[in-house]
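S.K.: For reference, the structure I am asking about is given below.
The values are calculated or read from the model by the stated rules, or taken from the named source; none is laboratory data. Bear in mind that the values here come from a model prediction, so they are computed numbers and not experimental data. Reconstructed Cβ throughout: ideal geometry from the backbone, glycine too, with neighbour counts over all protein chains shown. For accessibility, only protein heavy atoms count, side chains too; no ligands or nucleic acids. Shrake-Rupley method; radii C 1.70, N 1.55, O 1.52, S 1.80 Å.
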Amino acid sequence: MINYGKQSIDEHDINAVIDTLNSDWLTQGPKVYEFEEALADYCGSQYAVAVCNGTAALHLANLAIGKAKNNVITTPITFLATSNSVLYSGGKPVFADISQGVFTLDPEKVKELAGEDIDCKGIIPVHLGGVICNMESLKVVADEHNLWIIEDACHALGGKWKDIEGIQHRVGDCSHSDMTVFSFHPVKQITTGEGGAITTNNQELYEILLMLRTHGMTKDPEKLMENHGGWYYEMQELGFNYRMTDLQAALGTEQLKKNNEWVNKRRKLVQQYDDAFENINKITPQTHPDSDSGYSYHLYIIQCERRAELYQYLKDNGVNTQVHYIPVHLQPYYKEKYGYDRGDFPVAEKYYDCALSLPLYPTLKDSEQEKVISLVKKFYEKN
Ligand SMILES: Cc1ncc(COP(=O)(O)O)c(C=O)c1O
């Protein structure tokens, strides 16, 4: 089967994990701090905090910034973890529709919602498939309404974009947000098996994140209320065990070294899909709202006619595609608990009805991509 996504592991990755197995540390230790430093450097942020998965990263980011019972604006076209993280933190996700033809959070809809009397405290935009949200417009809305921003960049490690003045920004530099969250699940740009991280430039948030990652504990003599000796620690917040292991971090550091090369490979594959589908009128190729961009594509999402039949036809012929995503507001839990229903976010729902993610990963061979393309073409020629 050719899958829609796949990890890339080489000898360097394997040796890094074996070396760590032979070291004194297995759980959070020097390899985690090394990975955090490399990640912050790569993203251009001051701080990075590595955790056990992207969901935990979102949870901690929400807790660190939003202690009140916040309403938070986000997109319905995302993985469940984005909006669930708001619920875990005692808040309520409030969905805004996506932009027509772009499929990320619509800044105009966010502006409308932020202006309503719903006591909103933050925005979580999601860089769907690696397409970077309009961060400049979202930041304007956030500043006007005193909202924080957590970027869900679980799909976008290594992405770049240019602002209106032509200044380049890196995903994770937090130039237009308070924090940025990543996932290192195997289908993502880089993997640590399970893993996630938060980047930020805010020292106060950084210190809260460190505490929350380890049970809300501190051993920092400057923060202790009492000090009984070298063994002494205090729990000052209700935190979790969301730590990453040194085994995972060693793998992450090796993977990160290759990401720029992988981003380029992904971009080349995207271009090849675009060229192949240009003249098939039953398909709209992957959207690129900023054609000059440096997106790091996680997914190649087409809009297509007769999606369910195409999905099955590809599967029967050895190609596993996927749909990203079923709109979160249509999940039974959200419908029952919050009264959402079909018709609430028409752009998102129409997007979902036609969306299909085709295989995209750095080790996808040209011959494999050609097979996918020719199957898609054959399907529409036949039908
Ligand atoms: C947009 C988005 N946010 C959050 C997550 C959660 O990441 P993880 O699976 O590492 O918990 C994912 C993972 O699929 C995701 O796609």
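S.K.: Quick check on my filter: what residues within the range 80-108 are surrounded by fewer than 19 Cβ atoms within 10 Å (Cβ to Cβ) and over 19 Å from the mean Cα position of the chain (by Cα)?
M.R.: Gly90, Lys92, Gln100, Gly101, Glu108
S.K.: Please enumerate the residues belonging to the range 268-292 that are free of Cβ contacts under 8 Å to residues at least 60 places away in the same chain and buried (at least 17 other Cβ atoms within 10 Å of the Cβ).
M.R.: Scanning the range 268-292 gives a single hit, Pro285.
S.K.: What number of residues within the range 60-87 satisfy the criterion of being within 16 Å of the ligand (Cβ to nearest atom) and modelled with pLDDT under 95?
M.R.: Pass one, the range 60-87, residues within 16 Å of the ligand (Cβ to nearest atom): 60-63, 72-87.
Checking which are modelled with pLDDT under 95 leaves us with none.
Going through the range 60-87 one residue at a time, the tally reaches 0.
S.K.: Within the range 307-322, how many residues are under 20 Å from Tyr351 (Cα atoms) and among the aromatic types (Phe, Trp, Tyr)?
M.R.: Counting residues in the range 307-322 that are under 20 Å from Tyr351 (Cα atoms) and among the aromatic types (Phe, Trp, Tyr) gives 1.
S.K.: Related question: If you check His228 against the conditions, is it modelled with pLDDT of 95 or more and open to solvent by 70 Å² or more (accessible area, probe 1.4 Å)? Step through it out loud before you land on a result.
M.R.: Values: modelled with pLDDT of 95 or more: yes; open to solvent by 70 Å² or more (accessible area, probe 1.4 Å): yes.
Yes, satisfied.
S.K.: Show the residue pairs that are 6+ apart or on different chains and have beta-carbon atoms under 6 Å apart, the first residue being within the range 1-24 and under 20 Å from Glu194 (Cβ atoms), the second being part of a helix (DSSP H, G or I) and open to solvent by 40 Å² or more (accessible area, probe 1.4 Å).
M.R.: Hits for this filter: Val17/Leu247; Thr20/Lys31; Thr20/Leu247.
S.K.: Restricted to the range 162-211, and to residues that are at pLDDT below 95 and in contact with a helix residue (DSSP H, G or I) (Cβ under 9 Å, 6 or more places away or on another chain), which residue is farthest from Ala16 (Cα to Cα)?
M.R.: The qualifying residue farthest from Ala16 (Cα to Cα) is Ile164.
S.K.: Moving on. So, Tyr295, is that one under 13 Å from Ile373 (Cβ atoms), buried (at least 16 other Cβ atoms within 10 Å of the Cβ) and touching a helix residue (DSSP H, G or I) at 6+ places or on another chain (Cβ under 9 Å) or not? Full working, then the answer.
M.R.: On the way: under 13 Å from Ile373 (Cβ atoms): no; buried (at least 16 other Cβ atoms within 10 Å of the Cβ): yes; touching a helix residue (DSSP H, G or I) at 6+ places or on another chain (Cβ under 9 Å): yes.
It is false that Tyr295 is under 13 Å from Ile373 (Cβ atoms), buried (at least 16 other Cβ atoms within 10 Å of the Cβ) and touching a helix residue (DSSP H, G or I) at 6+ places or on another chain (Cβ under 9 Å).
S.K.: Does Asp143 count as more than 24 Å from Glu261 (Cβ to Cβ), at pLDDT 95 or above and within 16 Å of the ligand (Cβ to nearest atom)?
M.R.: Working: more than 24 Å from Glu261 (Cβ to Cβ): yes; at pLDDT 95 or above: yes; within 16 Å of the ligand (Cβ to nearest atom): no.
Answer is no for this residue.
S.K.: To continue, here is another question. Of (1) open to solvent by less than 40 Å² (accessible area, probe 1.4 Å); (2) not in a helix (DSSP H, G or I), Leu39 satisfies all except one. Which?
M.R.: For Leu39, the failing item is (2).
S.K.: So which of Ile73, Ile77 is open to solvent by less than 10 Å² (accessible area, probe 1.4 Å), in a strand (DSSP E or B) and within 30 Å of Pro285 (Cβ to Cβ)? Let's see the steps before the verdict.
M.R.: Working: Ile77 fails: in a strand (DSSP E or B).
So the residue among Ile73, Ile77 that is open to solvent by less than 10 Å² (accessible area, probe 1.4 Å), in a strand (DSSP E or B) and within 30 Å of Pro285 (Cβ to Cβ) is Ile73.
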